[in-house]
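Q: If you scroll down you'll find the structure; I have some questions about it.
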Amino acid sequence: MDEGTAAAYGLFGREDAVRLVRDVLDRGGSAVAIAEPGLGKSSLLKVANQLAQRRGRRVLSVMPTQFDRGLPFAGLAELVNQCAEGVEDRLPGPQRRALAVALQRAEPDERGVDALAVPLAVRTLLTQLGEAEPVTLIVDDLQWLDQASVGSLAFALRNVDPRRISVVVASRPDPDAGADLIRVLAEPRQELVLAPLPDWAIGQLLRLRLGRRWTPPMSAGVARASGGNPFLALMIAQAMQSDLSKWRWGAQQGSDPIFPIPPSLAGLLAEKVSLLPEDAREVLLLVSAAGRLTVAQLQRIVEEARLRSALEAASDWDVATVGAGAVVAFTHPLLASAMYDGAAPEDRRRTHRVLAEKLEDPVERARHRSKSITAPDEMVAAELERAAEISRGRGAQQLAGELLEAAALATPTDIETTESLRRWLLAVDIYLGAGDALAARAALEKSSALAGSPAQHAQVLLRQGRLADDLRDARPRAEDAFRLASAGSEARAEILQELSEYHRMEGHGRLALRLTQMAVAEAVALQRPDIQLVALNQRQNLERLWGLDRPDETLREIEELVEGSALELSAAEWAWARGFHASWDDESAERYTRDGIVRTIEVGRYGDLSGLYICLILNLIRGSKVREARAALDEADRSGAWANGRGLQENMARILIHEYAGDLDEARALALGAAARSRASGLTYWLAGFLAQVGFVETSARNWQAALEPLRELAQIFASTKMVDLEQLLWPVDYADAALQVGALDEIETAVSLLRRQGTAGRSEAHVAADRCQALLMAARGDVDGALAELRRIVDLKGSECPFEAGRSRLALGQVYRRAGYKGMAVETLNAAAAVFEELGIPRWAERARDEASRSGLHPTTSALTETERRVAELVGAGRSNQEAAAELFLSVKTVEANLTRVYRKLSVRSRTELANHLNKELL
């Protein structure tokens, strides 16, 4: 069999589609098939399944129905059930438990399941399967996949290896259907739209499925009647082969009279299911309303003999069959829709009442109960709220929000609106926690009219502020909420904390500090140590950034609170308190942060990971541990730290890694984009951070004017906000460097002043950096001897600066040596600086130091080489091959090649011949 021929699989007119699927399976990536109902997307995916298996790929297929959308993790359950038994046992503990709870194999505990735990479990599971063998994931009718499964799969498939995990999905032409999942599918992502089939293809299909009697003239009429829709064509042809008197259609005027033309596909299917025996219709209505039922579940609802007769009739009519796991499934999803839509409203309500009484899962019972009523009912509303809490505990946040919306709608509001409003606001909070701002806004809009009392209006305003796109819109709403909130309420403490954060982001440090002190007092009075811990962390943050009060005393308060509280406080908040503002040489900071990451993962609080990883990456960058910082970023990617999409924290982390590792173009693009978003949203604090990164990128690239522009703006922000520190970034050093290169000496004095303020606020390394910049200014103004003395003193201060800044001090000393005419000392010092930068993995600064050395006028010598580099150079210069040199030095060939590359660069030679000539000249 030629597997490349679509006809070999019963597909006609779909050669291009099959070819595309084969390409994805062979080369990796993903495919998305879009088609109207009945055009054959499910048939195409069945072929994709066969092709994948023929290539030795493990196939996981998910085929949801219209009624699965309300079942949390229904699609995920279908996927996991296809994995080998016990495969979940290899998952980390919190992920294993979260998956078991989500799939109703375990009961949630009082802590519930973190929103990221299930998506992480799915990614770990798929990754492990992909490592063992190539995997193909097939998802049919994506538009019906439940939102919890969509979110989990969308997260799990981010950044997968497309050669190990290929994905083929099919959906109806709805731009919102599974958009989150489609957006993350691996490249190359192929998209195809299935068009109606030509007449010849319909004829081939009918002859294959229904026999040779469907000659081209006969099949051509069916093709015209169906509009090229293969499913509809089969339905028409089957109807013509049955007793036509049972089909209540008349020939339409202008149509070929020998073909009974149905009004639509929906009408045709409705006719088909209406002809089923009554018992079959009753049983299949139960199945369509439930989404999926097993024979065992139906046996608890329907008498045995009636059930057997009903299932036999459904099979005889090719409407439904009993499949794997004794699940009753419709032969086509459209038949399920036809069965449900064709039932009378009172029959549907009665069916939902039966399911609400007979099903075991409380979430499903509540869902069916809500569909069985026609007027608000508090008992039903309460049941829906309990179901929402259960769904939230299972990690199905989106469904929990939808159930709460249903509960709010089911709550009587003719006398009192408090309960309905409370449920609406709970739905808003859950949507916010799940990152679905669109659903949160829609729910909040529906709830706003129910707010009557000032306290209720305060709750609505608080959430409106959280949903605002612009900080300048959010803060006034929070201020209005504060004025309306009841004194001594938890809402008031939360509002104070949020107002403090808003003002910090706008650069109003002193006001933010007053607000957070009020929040601490309110939290203490309410005996809410969790709010108190967040507020104390904010207070320490403000005290350090603005040089106010006594941050070390605040840190001691945090330690006492954590040690003395009986509650389980956030490990992330504690690690942040100890690690975020630690100095570059505080070895405990990294330990505290890594321990916080471990404990956070152990308890399954994955939403806290983004803050912890940016803290860790900052710790490592401050200590000049660039390679370790890159490894931490990779670890963060694997752990799902940035699960909610590329936010400002993730941007900052990636910029730091790219700029130090020398990928300046990528760092620049990220920093400029993040700065623009921060500016547009009124986030002055974040804007300052990204302007500092743009300045460092351009300084690293030696684009002096381009560096000055953002750094001047940053200096103005510091002047207007009275900030003294910016997460320990020594950005004024870059400001002084760029100003020196363009001769703006007055601006160097401004940079020195900024560093002095930072040093006075407790950053001793800022004082050393200020002394270095002052020395460079002295040299620029002619006092070269004074500058040399000061720079030599700084270089001799061991441990006063992080290794990167110490390298910059050597670079500065070498520059002034060269200016003073001490060429030999300049080259030696500059080469030493280059060696420091190379060792740290900061190539652009090593290149700058070498370029400075080359400007000294002295020919580079082997004194710039390490011992290994010198020995490699001598052997290669003497005529040895790389292999011979490796054998003689007991090194790998790869190591010899790497050393030889550095030798060429340091000695400014380009070939073995030039290297030999250079070494000979040095001997002379």
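The values are calculated or read from the model by the stated rules, or taken from the named source; none is laboratory data. On a predicted model such as this, the values are computed, not experimentally measured, just so you know. A quick note on method: Cβ atoms are made from the backbone with ideal geometry, for glycine too, and the neighbour counts reach across all protein chains shown.
Q: Can you confirm whether Q774 is touching a helix residue (DSSP H, G or I) at 6+ places or on another chain (Cβ under 9 Å), surrounded by 17 or more Cβ atoms within 10 Å (Cβ to Cβ) and either farther than 30 Å from P551 by Cα or not hydroxyl-bearing (S, T, Y) (or both)?
A: yes
Q: Okay, next question. Select, from A148, A106, the only residue that is in contact (Cβ under 8 Å) with a residue 12 or more places away in the chain and within 22 Å of A388 (Cβ to Cβ).
A: On inspection, the qualifying residue turns out to be A148.
Q: To continue, here is another question. Against the conditions (1) touching a helix residue (DSSP H, G or I) at 6+ places or on another chain (Cβ under 9 Å); (2) more than 20 Å from S624 (Cβ to Cβ), where does G782 fall short? Just the number, please.
A: (1)
Q: Only one of R514, R504, R463, R441 is touching a Phe, Trp or Tyr at 6+ places or on another chain (Cβ under 9 Å) and either more than 29 Å from L116 (Cβ to Cβ) or surrounded by 20 or more Cβ atoms within 10 Å (Cβ to Cβ) (or both). Can you tell me which?
A: R504
Q: Testing I601 on (1) part of a helix (DSSP H, G or I); (2) at pLDDT below 90; (3) over 14 Å from A641 (Cβ atoms), one condition comes back false. Which one is that?
A: (3)
Q: So which helices (runs of 4 or more DSSP H) are wholly in segment 868-924 and hold at least 2 residues that are among the basic types (K, R) and at pLDDT below 85?
A: Fully inside segment 868-924 and qualifying: 893-907.
Q: Still on this structure, I have one more. Go through the residues of segment 190-199 one by one and say whether even a single one is assigned to a helix (DSSP H, G or I), closer than 27 Å to G13 by Cα and over 20 Å from the mean Cα position of the chain (by Cα).
A: There is at least one residue in segment 190-199 that is assigned to a helix (DSSP H, G or I), closer than 27 Å to G13 by Cα and over 20 Å from the mean Cα position of the chain (by Cα).
Q: Looking at (1) in a loop (DSSP other than H, G, I, E, B); (2) more than 20 Å from G807 (Cα to Cα); (3) over 32 Å from the mean Cα position of the chain (by Cα); (4) not hydrophobic (A, V, I, L, M, F, W, C), which one does E747 not meet, given that it meets all the others?
A: (1)
Q: Still on this model: Quick one: would you say S171 is touching a Gly at 6+ places or on another chain (Cβ under 7 Å) and either in the same structural domain as G151 (by TED's automatic domain parsing) or more than 16 Å from L234 (Cβ to Cβ) (or both)?
A: Answer is yes for this residue.
Q: Mind listing whichever residues of segment 811-827 are buried (at least 19 other Cβ atoms within 10 Å of the Cβ) and not β-branched (V, I, T)?
A: Answer for segment 811-827, where residues must be buried (at least 19 other Cβ atoms within 10 Å of the Cβ) and not β-branched (V, I, T): L811, A812, L813, G814, Q815, Y817, R818, A826.
Q: Of the residues S309, S288, which is outside the structural domain of L39 (by TED's automatic domain parsing), buried (at least 18 other Cβ atoms within 10 Å of the Cβ) and out of contact with any strand residue (DSSP E or B) (no Cβ under 7 Å at 6 or more places or on another chain)?
A: On inspection, the qualifying residue turns out to be S288.
Q: Still on this model: Looking at E563 and the list (1) surrounded by 22 or more Cβ atoms within 10 Å (Cβ to Cβ); (2) over 19 Å from E628 (Cβ atoms), which single condition is not satisfied?
A: Only one criterion is unmet by E563, namely (1).
Q: Looking at (1) within 16 Å of A736 (Cα to Cα); (2) touching an Asp or Glu at 6+ places or on another chain (Cβ under 6 Å), can you tell me which one E801 breaks?
A: Unmet condition: (1).
Q: Among the residues of segment 48-104, write down those that are acidic (D, E) and touching a Pro at 6+ places or on another chain (Cβ under 7 Å).
A: Our first condition is that a residue be acidic (D, E); within segment 48-104, this holds for 68, 78, 85, 88-89.
If the condition is that a residue be acidic (D, E) and touching a Pro at 6+ places or on another chain (Cβ under 7 Å), then no residue fits.
Q: While we're looking at this one, here's another question. Within segment 704-714, track down each residue that is more than 9 Å from Y735 (Cβ to Cβ), surrounded by 16 or more Cβ atoms within 10 Å (Cβ to Cβ) and not hydrophobic (A, V, I, L, M, F, W, C).
A: Result: P710, E713.
Q: For segment 386-438: of the residues being buried (at least 18 other Cβ atoms within 10 Å of the Cβ) and of a type in the set (S, T, Y), which is nearest to R96 (Cα to Cα)?
A: Per the stated criteria, the residue is S391.
Q: Here's another thing I want to ask about it. Only one of Q82, Q95 is modelled with pLDDT of 80 or more, closer than 20 Å to Y606 by Cβ and assigned by TED's automatic domain parsing to the domain that holds V24. Can you tell me which?
A: Result of the check over Q82, Q95: Q95.
Q: So which helices (runs of 4 or more DSSP H) stay within segment 647-727 end to end and still have 2 or more residues that are within 21 Å of the chain's Cα centre (by Cα) and free of Cβ contacts under 8 Å to residues at least 24 places away in the same chain?
A: It comes to 648-661, 664-680.
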